[in-house]
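None of the figures in this text is laboratory data; all of them are computed from the coordinates on show. Treat the numbers as computed from the prediction; the structure is a model and nothing was measured. Reconstructed Cβ throughout: ideal geometry from the backbone, glycine too, with neighbour counts over all protein chains shown.
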Amino acid sequence: MSRLAQGLVLLLLGGAVLRISAFTTEYLNYVKPGFRPFLIAAGAVVFALGVATLVQEWRRPQDAARERSRWPGAAGGYGGHAEAHPGPQADARSGGHGDGHAGGHGHDHSRGPRVAWLMCLPVFAIFLIAPPALGSFAAARDDVAPPPPPREVVEGYEPLRGDGPIAMPIGEFVGRAWGDPNRSLTGRQVRLTGFVVRSKKSDAWYVARMQLNCCAADAIALKVAVRGAPAPPENTWVEVTGTWIPPRSDKLPLGTVPPQLRAIDVTKVPRPVEPYE
Amino acid sequence: MSDKALLDWSAEADSPVPPASWGRRSAAAPLLPWVFAGLVVALFAGRSLFAPYLTSPALQTWSTIFVAICVQALPFLVLGVLLSAAITALVPPSFWTRALPRRPYAAVPVAGAAGAVLPGCECASVPVASGLMARGVTPAAALAFLLASPAINPVVLVSTAVAFPGRPEMVLARFVASLAVAVLAGWLWLRFGRTEWLRVPRASAERGWRAFLAAMRHDLLHAGGFLVVGGMAAATLNVLVPRSWLAAVAEVGWLSVLVLALLAVVLSICSEADAFVAASLTAFSPTAKLAFLVVGPMVDLKLIALQAGTFGRSFAARFVPLTLALAIVVSAVTGWVLL
């Protein structure tokens, strides 16, 4: 991999990262919102490194003579050669068998490692596949719903204030349904926003949302079973208004069955900018 | 002969075979920027051309997870590469010989404990450890640093405390077990490791700004390439293995420890986030979760690829099983004592 190619790969990668973080909100499909400044910084560093590499490459014919005096071992393998045969002839000779050397050691600062070409793959994926936020395919993979967050279970949730339907994150609904000793959901109308996942076994369906801790690789599906409304098409984003159906027995261990909601109204909504909870 | 060599050198310093490339610079070099420009246009056009057709849910899920792993690791990788380049190019070598104890057996625990100051995840620690070795730090001590730093730094410990509220013993157990594994692995490598297994990266004698840029570019391209390999493997397994399979084995004590250790290897979650995932696996015993937290930052798919790329395959083939076995045993013992 020549230095020119190294600079161009860095430019591509830095540009792609800047594109998804600084210029669009696509990064929200992959990581948490708070990660944006780090992504922009990293993309800028990679991009700047690519630019610096290209500038060095551009100016090289002019300062080749100076570089020759400053970098006696640069063209040869990394270490060893330069001390063994100093001088320009040695450089040319060690350059001659430098290919095998670089392949074996991969530690030559002027010729980049071949594996670096793979860094184009995420760039291609970002541009050509344009990976969307995780949807029903990922949510349907784990049938076991995750447990409620443990903290609130100890103290119990705040009672719900106001009247009329209350909009809440699906995670909060699941937590209140499973782990709230005060049973604050009883008789209250709530409004949940999520995408549609249809059960593989029955004709039941769920309104679901993925929860991220750091990036999409650790996403967990939060699901609420919706009763009393026909299932919309898979993966559509909907707003479901309804009331909680308390489980008939307390014997089922937490986390085996998603909490249920009796729907009053199901409306199609556009996909939110922040697809994860 | 000497004349020709001089000409070659000034024409194409990076050429692997100077006679073949001699005089081709004018033809070959300007081609690449045009290919690149064409590629950029194709990428922007390709989004509207290809994206509407590449909609298979499995492919989309795979690529989302793949891109997420790469995007999430990149800032940490850049941080590690910046630090590593600063170590190799800006810090004088004599600093490390003065900072660390002279005797290798004493240097290992000191380097391991020093891992607590690098606020990053495992992607950052590989280039930093390689930079330390390049500067003459005993490999075993640099390896102890490599293993300890992603698990015991303040950011990771705070996130563990947040993920396990009201359970400070989990943070303590993670710290103790991770540091113990790192120091043990360092000592074992010192006692039984052979120099020819480990490819110690050598720093150029040059220092200063140009060397800084060169070291940074090299490390970033190298580690980045292997990060992509690990990201692809992790995304594939993430899509293929449903997590519900895990529930079945959660009841068996010793098996659950093994299963969560292997899950940590497969999922390749960043060490700053793995505590939240561990906390969500409620069916498992605390000891199994501890194994997940100890193994994850030390052995996972993207880390194996990074280590094999940085230190050589014969190193990774020995060091990875050693670390994995140590991590499982130590976390089982720590869990039994502390949790």
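For the pair A:Ala22 and A:Lys201, the difference between a 0.36 nm per residue extended length and the Cα-Cα distance amounts to 60.2 nm. Taking label points 7 Å from Cα along the Cα-to-Cβ direction, B:Leu339 and B:Ala42 give a separation of 5.0 nm.
Can you put B:Leu39, B:Leu146 in order of Cβ neighbours within 10 angstrom, beginning with the fewest?
Numbers: B:Leu39 17, B:Leu146 32.
Neighbour counts put them in this order, fewest first: B:Leu39, B:Leu146.
Computed from label points 7 Å out along Cα-Cβ, the spacing between B:Arg103 and A:Arg262 is 7.6 nm.
Can you give the helix-only mean residue ellipticity at 222 nm for chain B, where every DSSP H stretch with n ≥ 4 adds -39500 (n - 2.57) and the sum goes over all residues, rounded to the nearest 500 deg cm²/dmol?
Details: 18 runs with 260 residues, N = 339.
Result for chain B: -25000 deg cm²/dmol, rounded to the nearest 500.
Averaging Cα coordinates gives a centre for the range B:37-79 and one for the range B:123-184; these two points are 32 Å apart. Protection proxy ranking of B:218-229, B:259-270, B:188-199, by the mean of other Cβ atoms within 10 Å over each peptide's residues and highest first, is B:218-229, B:259-270, B:188-199.
Taking other residues whose beta carbon is less than 14 angstrom from the beta carbon of A:Ala125, and scoring Lys, Arg as +1 and Asp, Glu as -1, yields +1.
Full extension of the chain segment joining A:Arg183 with A:Ile245 gains 21.2 nm, where the gain is 0.36 nm per residue of separation less the Cα-Cα distance.
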